[in-house]
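The values are calculated or read from the model by the stated rules, or taken from the named source; none is laboratory data. Computed from a predicted structure; not experimentally measured. Please note: Cβ atoms are built from the backbone with ideal geometry, for glycine as well, and neighbour counts cover all protein chains shown.
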Amino acid sequence: MCRKKTISIISSLLCLNGCHSIQKEVSVDARTPWVSARSMTLNNDFLSPRKTLVGKYSLAELIEIGLKFNPQTKHAWWHAKEAFANQGRAEASFFPHLDVSANVNREQVGEKASQPTQRIDNWGPAVTLTYKVFQFGTDAAAAKSAAHLLYAANYAFNRQLQTTVFEIQRAFYNFSSAYAKIEARESCLQDATLSFEAVSQRKENGLARIQDVLLAKADKLQAEYELQAAKADLESCRATLATAVGVPIAADFSIETDYLNTETQKPVRDIEDLMQGVLSKRADLLANEETLEAKKWSQKATHRSSLPSLSLRAQTNALKYKHNSHWQRNYGLSAGIQWNVFSGFDSQYSELASYTQWKEQKYTLRQQKLEALRQTWAAFHAFQSSLQLSEASKALEEAAQEALNAIRTGYNTGINSLLDLLSAQKSLANARLNSIQAKTNIKLNLVQLAYITGQLDLKIPTQFDL
């Protein structure tokens with residue numbers, strides 16, 4: 001079932017560190033029956049520890065698990081198997097049909113009332129062979145349409161593998177970002193606590209008003225509130241990541257959190273090369289190309305179905321009568337032509353419908369290609385911009401930290417006011433969060449660029465850091 005196409009996309013995933021067994025896991029497990037619908041209900045068995053994520057995982061480990069257990073990947077696989085079965089059904093018309101039967105007959109014969117009724121009993125086997133000799137290529141066109149639908153299903157399965165990897169990567173980096181934001185909020189709470197303690201000390205010395213103490217306390221409570229909100233966002237990201245992997249969420253599920261600080265290499269390909277590659281390599285566009293071909297051949301099959309067909313039929317049977325010890329053997333051979341001359345314009349409208357479907361798919365594909373080019377252009381420049389924003393946010397965080405240290409010293413000596421101190425704290429908090437988000441955006445824009453271009457490895461000396 002176009003297994004080479006399936007293996008090609010799996011091999012592109014091997015650029016992920018530590019993910020050397022992905023091809024084995026997907027290819028082998030995809031051939032085994034998946035869990036039945038009854039066992040996938042939300043019961044104690046579904047939420048058992050052996051079916052949940054427990055422990056700390058790297059990105060490569062989660063991708064390997066996701067490719068094995070994600071339900072959408074399984075769905076795409078079985079859809080491709082269905083297309084394979086449909087292709088086999090379409091090609092069945094090229095073979096003769098052989099029917100074997102056995103009959104038991106009883107007949108009553110009596111012409112006159114005075115004549116006694118006679119019963120004739122017989123039984124025996126029968127074999128019928130039917131073969132469609134010629135129908136102006138109708139069956140061939142239908143078979144080609146089914147073959148292109150099979151290719152489209154295989155490309156769709158490849159795209160679903162890419163989608164699963166992309167969703168896991170995106171959820172992983174958001175989860176890692178949520179961890180970093182909690183650390184940033186804890187630092188903000190420490191700054192607010194130091195400011196509250198400094199204002200309280202000045203109040204005891206008679207150098208601050210009660211309004212200053214209340215204002216610093218409110219700023220500390222705001223920092224505690226924002227820390228709790230960050231922890232709640234972490235749990236939401238935890239559930240999102242588990243769902244992307246395809247297993248139930250567990251409280252003990254965690255990840256390695258140093259990915260945001262790893263250096264990201266800039267891809268050396270320019271935007272023109274990426275835009276050329278997206279039209280020739282993105283699996284969903286290739287699937288739609290095959291769907292367009294399938295609709296074209298389906299239109300041809302519909303057009304040819306109104307033409308006559310020639311069939312051969314051979315039949316033989318053996319009968320044994322009740323009062324006769326000998327078998328009676330019968331043979332028959334016939335050739336027939338069938339032509340549906342008029343059926344209330346049904347064939348004409350069927351042909352028109354199949355032609356319009358081909359036209360619809362043609363312009364849908366054109367629009368999808370234009371959208372893919374737009375996405376590639378936007379994702380490339382978003383990634384380029386995120387690199388610059390990360391450098392700027394890092395410099396801004398360092399400047400905000402220095403400003404807060406200077407203003408805290410000035411406040412303790414009476415040079416700066418409490419409002420200056422609180423404003424510097426807020427600026428530093430925003431700078432920390434902006435720096436974390438900038439690092440996250442680099443990773444997210446990079447994996448999105450790889451996903452939009454339809455490949456996880458651009459086959460260049462400096463690869464995407466996924």
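For region 225-252, enumerate the residues that are at pLDDT 85 or above and of a type in the set (A, V, I, L, M, F, W, C).
Applying the first criterion (at pLDDT 85 or above) to region 225-252 yields 225-248.
Once the filter is applied, which keeps residues that are at pLDDT 85 or above and of a type in the set (A, V, I, L, M, F, W, C), region 225-252 yields L227, A229, A230, A232, L234, C237, A239, L241, A242, A244, V245, V247.
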*asked:* For region 385-396, check the following and say yes or no: at least one residue is among the small types (G, A, S), free of Cβ contacts under 8 Å to residues at least 12 places away in the same chain and more than 30 Å from T453 (Cβ to Cβ).
replied: yes
*Within region 285-326, track down each residue that is touching a His at 6+ places or on another chain (Cβ under 9 Å) and either assigned to a loop (DSSP other than H, G, I, E, B) or over 30 Å from R366 (Cβ atoms) (or both).*
K320
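Being surrounded by 10 or more Cβ atoms within 10 Å (Cβ to Cβ), outside any helix (DSSP H, G or I) and of a type in the set (D, E, K, R) is true for just one of R329, R374. Which residue is that? Before you say what the answer is, go through the steps one by one.
Values: R374 fails: outside any helix (DSSP H, G or I).
From the options R329, R374, the qualifying one is R329.
Can you tell me which of A152, A85, A126 is at negative phi, under 28 Å from the mean Cα position of the chain (by Cα) and surrounded by fewer than 22 Cβ atoms within 10 Å (Cβ to Cβ)? Before you say what the answer is, go through the steps one by one.
Details: A152 fails: surrounded by fewer than 22 Cβ atoms within 10 Å (Cβ to Cβ); A126 fails: under 28 Å from the mean Cα position of the chain (by Cα).
Only one candidate passes the filter, namely A85.
May I ask you to say which residue of V278, V268 is modelled with pLDDT of 85 or more and under 29 Å from T376 (Cβ atoms)?
Residue meeting the stated conditions: V278.
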*Which residues, taken from region 154-208, are under 19 Å from D233 (Cβ atoms) and of a type in the set (V, I, T)?*
I168, I182
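Can you confirm whether S305 is under 26 Å from V133 (Cβ atoms), modelled with pLDDT of 80 or more and under 54 Å from the mean Cα position of the chain (by Cα)?
Details: under 26 Å from V133 (Cβ atoms): yes; modelled with pLDDT of 80 or more: yes; under 54 Å from the mean Cα position of the chain (by Cα): yes.
Judged against the criteria, S305 is a match.
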_Quick check on this structure: which one of N122, N86, N158 is modelled with pLDDT under 85 and either touching a Leu at 6+ places or on another chain (Cβ under 9 Å) or closer than 30 Å to V247 by Cα (or both)?_
N122
*Residue by residue through region 387-418, note down the ones that are assigned to a helix (DSSP H, G or I), modelled with pLDDT under 90 and among the aliphatic types (A, V, I, L, M).*
L387, L418
*When you look at Q357, is it exposed (fewer than 12 other Cβ atoms within 10 Å of the Cβ) and within 26 Å of A156 (Cα to Cα), yes or no?*
no
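Within the bounds of region 183-195, is there any residue that is closer than 30 Å to K68 by Cα and at pLDDT 90 or above?
If we filter region 183-195 for residues that are closer than 30 Å to K68 by Cα, which is where we start, we get none.
No, every residue in region 183-195 fails to be closer than 30 Å to K68 by Cα and at pLDDT 90 or above.
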*Any idea how many residues of region 397-410 are surrounded by 19 or more Cβ atoms within 10 Å (Cβ to Cβ) and hydrophobic (A, V, I, L, M, F, W, C)?*
3
*Would you pick out the residues in region 228-255 that are hydrophobic (A, V, I, L, M, F, W, C) and in a loop (DSSP other than H, G, I, E, B)?*
V247, I249, A250, A251
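Do we have L150 as under 30 Å from L286 (Cα atoms) and in contact (Cβ under 8 Å) with a residue 24 or more places away in the chain here?
Values: under 30 Å from L286 (Cα atoms): yes; in contact (Cβ under 8 Å) with a residue 24 or more places away in the chain: yes.
Against the criterion (under 30 Å from L286 (Cα atoms) and in contact (Cβ under 8 Å) with a residue 24 or more places away in the chain), L150 qualifies.
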